[in-house]
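Notes to accompany the following structure.
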Amino acid sequence: MPVIAIVNRKGGSGKSTLATHLAACYANSGTAVMLGDVDRQQSTQSWLRLRGLQELPRSAPIVGWAVDPKRILRPPAGVSLVVLDTPGGLHGFDLARVVAFADVILMPVCNSAFDRESAADCHAELMALPRVASGRCKVAAVGMRLDARTRAAETLADWARGLKIPFVTALREAQVYVRGVELGVTLFDVPAEKAAADLAQWRPLVDWLEPILRTVHRPAIRRNPAVVRPPLSGASGAAPLPRLRPAAVLEPAPLSAGHRLAGWLGWLTPPRFRQRLS
C-alpha cells in the first residue's frame, strides 16, 4: 500500500491539517485510509475522536494509529493508503526511517523567511538520502495558510523553483480549516458550495499524487478498466477531483507496506543502553 508522510521539522507549519484533510479526501472517495500519528502530541488522533462523533455516511472509516515506540503494530487488513503525520524537528536517523518506508513526502510550508529556511534545510537533508535522490520517494511542497490578498503563493512558488522542489498547490488561510479542527471534519465533509474555492485548490495536489499512487509497488495498485472513474468532491458532489480507486478494486501487493511500517516501528524502540539508564 502507498505511504504518504507529511514532513516539516518546523512546528506550526500545518502538518496535522494537511494530514487530516488528505486522509478525509481519499476516505470520502471510498478508499480505506489509515491515519498514523508519529507526533507525541497525537493531534490527529484527537481529531479522529471528534470525527467519530459526526454523522458522515459518505465517508469510509479512517483508521487511527497512534504510534507507540514500545509496541510493534501493523496496519489493519483492508487499508489501501497510509498517511503519516510526523513531529516537528524530525531529522537525522529519525528522518531517514520515515523516508525508508514512505513513497511520498509532502512538505507543508508557510510563507515566512523562517518557514522557508527551515523547509530548505529539511529538503537538503532529504535529498542526501538515497531513496529520495534516486526518485523512489517523491518529495513536493504544499503552501499552507497563505493570504489570498498577497503574493504569498508566488513567493513560495519562486522559492520552490529555486530549490527544484515541485510546488504542487497553495492552500489559502480559511475558516473552514479552523472549524474542521474543532469538529473533527474537513472541507471534504461540508457542502461543496460552501467550500468550492478551497476544494479547487486541492485538485492540483490530488492530480500530482494520482500517478504516483497508481504506479508505486506494482502490482499493488492497478487501474481496473471495468471501473468508471468517478469524481472526488465535497459533500454535495460539486468541484470534482481525481481520486484513488476504492479499496474494492485495489489488488494486494505481494510485499505489504505493513511489514515496512512494522519494521520501522520496531526501530523506534530505545537502544538497550538507554533502557539500562532509565
Going through region 5-54 in order, the residues found to be under 17 Å from residue 143 (Cα atoms), surrounded by 24 or more Cβ atoms within 10 Å (Cβ to Cβ) and aliphatic (A, V, I, L, M) are 5, 6, 7, 19, 22
Counted residues in region 108-158 being more than 19 Å from the chain's Cα centre (by Cα), outside any helix (DSSP H, G or I) and surrounded by 14 or more Cβ atoms within 10 Å (Cβ to Cβ) come to 2
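Sort out which residues of region 159-172 are closer than 12 Å to residue 111 by Cα and either in contact with a helix residue (DSSP H, G or I) (Cβ under 6 Å, 6 or more places away or on another chain) or not in a strand (DSSP E or B) (or both), and write them in order of number. Let's see the steps before the verdict.
Taking region 159-172 first, the residues closer than 12 Å to residue 111 by Cα are 159-160, 170-172.
Scanning region 159-172 gives 159, 160, 170, 171.
To keep it simple, each residue is scored yes or no on (1) of a type outside the set (A, V, I, L, M); (2) surrounded by fewer than 20 Cβ atoms within 10 Å (Cβ to Cβ).
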residue: 160; (1), (2): no, no
residue: 173; (1), (2): yes, yes
residue: 181; (1), (2): no, yes
residue: 191; (1), (2): yes, yes
residue: 204; (1), (2): yes, yes
Taking first residues from region 201-222 that are under 23 Å from residue 174 (Cα atoms) and second residues anywhere that are modelled with pLDDT under 90 and in a loop (DSSP other than H, G, I, E, B), the pairs with Cβ under 6 Å that are 6 or more apart or on different chains are 206/242; 207/242
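Which of the residues belonging to region 91-107 are in a loop (DSSP other than H, G, I, E, B) and either closer than 29 Å to residue 150 by Cβ or among the aromatic types (Phe, Trp, Tyr) (or both)? Before the answer, list the steps.
In the first step, residues of region 91-107 are kept if they are in a loop (DSSP other than H, G, I, E, B); the result is 91, 102-103.
Across region 91-107, there are no qualifying residues.
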Residue pairs within 8 Å by beta carbon, gap of at least six or interchain, first lying in region 17-38 and touching a residue at least 24 places away in the same chain (Cβ under 8 Å) and closer than 21 Å to residue 101 by Cβ, second assigned to a strand (DSSP E or B) and among the acidic types (Asp, Glu), listed first then second, are 19/85; 20/85; 35/85; 36/85; 37/85; 38/85
Every listed condition ((1) within 13 Å of the chain's Cα centre (by Cα); (2) within 23 Å of residue 118 (Cβ to Cβ); (3) at pLDDT 80 or above) holds for residue 35 save (2)
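The values are calculated or read from the model by the stated rules, or taken from the named source; none is laboratory data. Just so we're clear, the structure is a prediction, and the values are computed from it rather than from any experiment. Don't worry about glycine lacking a Cβ; one is built from the backbone with ideal geometry, like all the others, and counts go over all protein chains shown.
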